[in-house]
There are 2 protein chains.
Amino acid sequence: MILKNDLLLRAARGEKTERIPVWLMRQAGRILPEYRAVRASLSGFKELVETPDRAAEVTIQPVDILGVDAAIIFSDILVVSEGMGLRYEMEEKKGPYFPQTIENPQDIERLRTGKAEDFHYTLDAIRITKKALDGRVPLIGFAGAPFTLLCYMVEGGGSKTFSKSKRLLFSDPDSAKKLLQKITDTTIAYLRGQVEAGADLIQVFDSWAGILSPQAYEEFSLPYMRQICEAIPDRPVTLFAKGAFYARKSLAALPCSVIGTDWNMPPQESRQLVGNKTLQGNLDPCILYGSEKFITEQTHAMIREFGAQKYIANLGHGVYPDTDPMKVKHFVETVQNFDIQSLEAL
Amino acid sequence: MILKNDLLLRAARGEKTERIPVWLMRQAGRILPEYRAVRASLSGFKELVETPDRAAEVTIQPVDILGVDAAIIFSDILVVSEGMGLRYEMEEKKGPYFPQTIENPQDIERLRTGKAEDFHYTLDAIRITKKALDGRVPLIGFAGAPFTLLCYMVEGGGSKTFSKSKRLLFSDPDSAKKLLQKITDTTIAYLRGQVEAGADLIQVFDSWAGILSPQAYEEFSLPYMRQICEAIPDRPVTLFAKGAFYARKSLAALPCSVIGTDWNMPPQESRQLVGNKTLQGNLDPCILYGSEKFITEQTHAMIREFGAQKYIANLGHGVYPDTDPMKVKHFVETVQNFDIQSLEAL
């Protein structure tokens, strides 16, 4: 099917675009009253993730309501651990947690390596979404980075210090790597399934990368990110390692297309570090708490720093649930109305 | 009084030292059974902070037990907000919280500017500690950075997104700056009191700096850090902005002596960014969960990267409460036994 709006894919491939594509991490979610209505009609978050036609419905909402240039399939990075036999729960306002966690090498042995069909609900949701989108915009598939999944599976949820995960890395690196490899194998099966179901681009979220030192990142995350990139030669891949400013160069050296950046990372510095690759990001989500005038100024400043080509506008993190959707729409329109010729004439 | 061990001060001032000084953030605290015994004999954390002879006692414990090259006065960065009229509570395992928070401009107006005598308990603890230390090692005084204090006072505690604080910055910057100035004025009074009571070096902790963009840091933290540095021309000042890798250069341009770094920040990069200033840091506290052999290797690698001069060894964050004190001692001894001539001969 030919895409009517393929700006995202062209920007990801480094091709010239006539305007800057824009979408938001967590655009399908709690900021939209329309999402909350769907969510309220079901028993909980997990039922929504596991009900393909409803997942497809909320995936498409931001395309209709906010006018973004891409859809991202509604799911959660934790489905991968569930496919490996470790069940997660989603508690309203508190976030995800695991009733049972990985505590010893035997727990790691017991985990299975998931196959694509273990994630049939998300793959079905992708098929339904692709059909319903009818080529309006590309559909992004995604997964969590193996290191970030390890953190969730060991901590049982978020953490201030990630002491348990890092204790595993530093006191029993062999077991940590066994776990990372099992997660990686499962993730690759899952992402291949997403590509075959119709995902146009794949994003890998290394949400907890920022807790590692550069050396630890090289050892415990990068090799697994590489395997994932190598397994998806047929789609653009975006790597987003939140907080890992020090890893931009190493990540860009992997066979990926786009490097995601957060608002800590200065755009011009990122340009120098990633060479020829496309950049994505990086507005502080809290900027959207400001006035429309302030959002416009900050968005324009961001675009001027990134430049208009090889660039996908986004926030530097998922949009926060208490953000006014009208402010989000204003951000989207500010990017879309930006006259890139004004930059190129400089 | 002449110090018998002034390595920390000489390193801070950029003078040559015959070995590398070492101490740990949060060295006076829950890692030591001796601390827990004192703590258990009192009603709570705040009673310990506010009882000068007991605060002095736990301040000196790590000097006796771990052999560190500096003491840091036992207190909490939140005493400053309490001196301004906003009471904090410390909940076991959950950390600090404020029963009442700053919610509007009127709340900011109502806050008072604290004076040195509002912090008499900490100033008394410094006097008692100095006397008891009898010149064995220098005593570090400290305060939180105004931006970090603002976050606590607005959020009421820690936060995943710091949405409330950043909403204030981005939607009402004038009020935010009024609050920051009031905190700064109070902090300066408090730190001047600490210097006059006998603190040999002052460290300012900007614990939440990492949630700001470089531009927001320039606007909402740096000007207040500058005022603090300018108010303490008579002691070395260490600035530690956790997570704010992007601010190292700007911080080093202030009239301070030492830049603290966390384990994300590559030492050689830090050297280039801070010019002639001394560096402090930066071992990942979780390294201390590993074997003694692993700790030795990682500590040696860290020292080789920083170099032996203009350097104060430390962790990149406060030591975590579940760390084995013997491992901490091993880290301290590894630094102290490091033969710096082996480096200088290279």
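The values are calculated or read from the model by the stated rules, or taken from the named source; none is laboratory data. Computed from a predicted structure; not experimentally measured. Cβ placement follows ideal geometry from the backbone for every residue including glycine, while neighbour counts extend to all protein chains displayed.
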For the range A:211-236, which residues satisfy the criterion of being in contact (Cβ under 8 Å) with a residue 60 or more places away in the chain, within 14 Å of chain B (Cβ to nearest Cβ) and part of a loop (DSSP other than H, G, I, E, B)? A:Leu212, A:Ser221
The range A:119-162, subset surrounded by fewer than 19 Cβ atoms within 10 Å (Cβ to Cβ) and hydroxyl-bearing (Ser, Thr, Tyr), residue farthest from the other protein chains (Cβ to nearest Cβ): A:Tyr121
Evaluate the range A:330-343: report whether one residue or more is in contact with a Leu (Cβ under 9 Å, 6 or more places away or on another chain), buried (at least 23 other Cβ atoms within 10 Å of the Cβ) and assigned to a helix (DSSP H, G or I). yes
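Residues in the range A:79-110 that are at negative phi and in a strand (DSSP E or B): how many? Even if it seems obvious, please write down each step before you answer.
Within the range A:79-110, the first condition is being at negative phi, and the residues that meet it are A:79-84, A:86-92, A:94, A:96-110.
Now restrict to residues that are in a strand (DSSP E or B): A:89-91, A:96-97.
The qualifying residues number 5.
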More than 30 Å from B:Pro33 (Cβ to Cβ), in contact with a Pro (Cβ under 6 Å, 6 or more places away or on another chain) and not small (Gly, Ala, Ser): which single residue out of B:Tyr320, B:Tyr246 fits that description? B:Tyr246
Determine whether the range A:111-134 contains at least one residue that is out of contact with any strand residue (DSSP E or B) (no Cβ under 8 Å at 6 or more places or on another chain), polar (S, T, N, Q), part of a loop (DSSP other than H, G, I, E, B) and under 19 Å from A:Val79 (Cα atoms). yes
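Return a yes/no flag: does the range B:136-147 have any residue that is modelled with pLDDT of 95 or more and part of a helix (DSSP H, G or I). Break it down stepwise before answering.
Here is the first cut: in the range B:136-147, the residues modelled with pLDDT of 95 or more are B:136-147.
Then keep just the ones that are part of a helix (DSSP H, G or I); that gives B:146-147.
Yes: the range B:136-147 contains one or more residues that are modelled with pLDDT of 95 or more and part of a helix (DSSP H, G or I).
Name the residue that is nearest to A:Val137 (Cα to Cα), counting only residues in the range A:167-210 that are among the acidic types (Asp, Glu) and not in a helix (DSSP H, G or I). Before the answer, list the steps.
Just the residues of the range A:167-210 that are among the acidic types (Asp, Glu), to begin with: A:172, A:174, A:185, A:196, A:200, A:206.
Now narrow it down to the ones that are not in a helix (DSSP H, G or I): A:172, A:200, A:206.
Numbers: A:Asp172: 45, A:Asp200: 10, A:Asp206: 25 Å.
Within the range A:167-210, the match that is nearest to A:Val137 (Cα to Cα) is A:Asp200.
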Name the residues in the range B:191-210 that are in contact (Cβ under 8 Å) with a residue 60 or more places away in the chain, surrounded by fewer than 24 Cβ atoms within 10 Å (Cβ to Cβ) and over 16 Å from B:Leu9 (Cα atoms), would you? B:Arg192, B:Gly193, B:Glu196, B:Ala197, B:Phe205, B:Ser207
As an exercise: evaluate B:Ile2 against (1) at pLDDT 95 or above; (2) β-branched (Val, Ile, Thr); (3) part of a loop (DSSP other than H, G, I, E, B) and give the number of the one condition it does not meet. (1)
Does the range B:190-207 contain any residue that is more than 23 Å from B:Asp174 (Cα to Cα), within 14 Å of chain A (Cβ to nearest Cβ) and in contact with a His (Cβ under 9 Å, 6 or more places away or on another chain)? no
Go through A:Leu254, A:Leu288, A:Leu315 for me and flag whichever is closer than 18 Å to A:Pro21 by Cα and modelled with pLDDT of 95 or more. A:Leu315
Would you point out the residue of the range B:169-181, among those that are more than 9 Å from chain A (Cβ to nearest Cβ) and buried (at least 21 other Cβ atoms within 10 Å of the Cβ), that is nearest to A:Gly290 (Cα to Cα)? B:Ala176
Check the range B:237-253 and report whether any residue there is over 20 Å from the mean Cα position of the chain (by Cα), within 13 Å of chain A (Cβ to nearest Cβ) and assigned to a helix (DSSP H, G or I). no
Yes or no: B:Lys327 in contact with an Asp or Glu (Cβ under 9 Å, 6 or more places away or on another chain), assigned to a helix (DSSP H, G or I) and within 13 Å of another protein chain (Cβ to nearest Cβ)? yes
Filtering the range A:254-285 for residues that are touching a residue at least 60 places away in the same chain (Cβ under 8 Å) and over 18 Å from the mean Cα position of the chain (by Cα) leaves a count of 1
Within the range B:254-296, which residues are more than 11 Å from chain A (Cβ to nearest Cβ), out of contact with any helix residue (DSSP H, G or I) (no Cβ under 7 Å at 6 or more places or on another chain) and part of a helix (DSSP H, G or I)? B:Arg271, B:Gln272, B:Lys293
Say whether the condition of being among the aliphatic types (A, V, I, L, M) and more than 27 Å from B:Ala143 (Cα to Cα) is met by at least one residue in the range B:251-273. no
The range A:277-314, residues that are of a type in the set (Lys, Arg) and buried (at least 21 other Cβ atoms within 10 Å of the Cβ): A:Lys277, A:Lys310
Can you tell me which residues in the range B:154-210 are touching a Cys at 6+ places or on another chain (Cβ under 7 Å) and under 30 Å from B:Thr278 (Cα atoms)? B:Trp208
Given the criteria within 12 Å of chain B (Cβ to nearest Cβ) and in contact (Cβ under 8 Å) with a residue 24 or more places away in the chain, does A:Lys166 qualify? yes
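If only one of B:Lys130, B:Lys115 is basic (Lys, Arg) and within 19 Å of the chain's Cα centre (by Cα), which one is it? Spell out how you get there, then give the answer.
On the way: B:Lys115 fails: within 19 Å of the chain's Cα centre (by Cα).
Being basic (Lys, Arg) and within 19 Å of the chain's Cα centre (by Cα) holds for just one of B:Lys130, B:Lys115, which is B:Lys130.
I want to confirm something. Restricting to the range A:24-52 and keeping residues that are hydrophobic (A, V, I, L, M, F, W, C) and touching a Gly at 6+ places or on another chain (Cβ under 9 Å), which single residue is surrounded by the most Cβ atoms within 10 Å (Cβ to Cβ)? Quick ask: steps written out before the conclusion?
Here is the first cut: in the range A:24-52, the residues hydrophobic (A, V, I, L, M, F, W, C) are A:24-25, A:28, A:31-32, A:37-38, A:40, A:42, A:45, A:48-49.
Subsequent filtering for residues that are touching a Gly at 6+ places or on another chain (Cβ under 9 Å) retains A:24-25.
Working: A:Leu24: 26, A:Met25: 23.
So the residue we want is A:Leu24.
Being of a type in the set (Ser, Thr, Tyr) and in contact with a helix residue (DSSP H, G or I) (Cβ under 6 Å, 6 or more places away or on another chain) is the filter here; which residues of the range A:102-131 pass it? Before the answer, list the steps.
Going through the range A:102-131, the residues of a type in the set (Ser, Thr, Tyr) turn out to be A:113, A:121-122, A:129.
Residues satisfying the conditions are A:Thr113, A:Tyr121, A:Thr129.
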May I ask you to list pairs of residues, at least six apart or on different chains, whose Cβ atoms are under 6 Å apart, with the first in the range A:25-53 being farther than 26 Å from A:Gln280 by Cα and the second being among the polar types (S, T, N, Q) and in a helix (DSSP H, G or I)? A:Glu34/A:Gln61
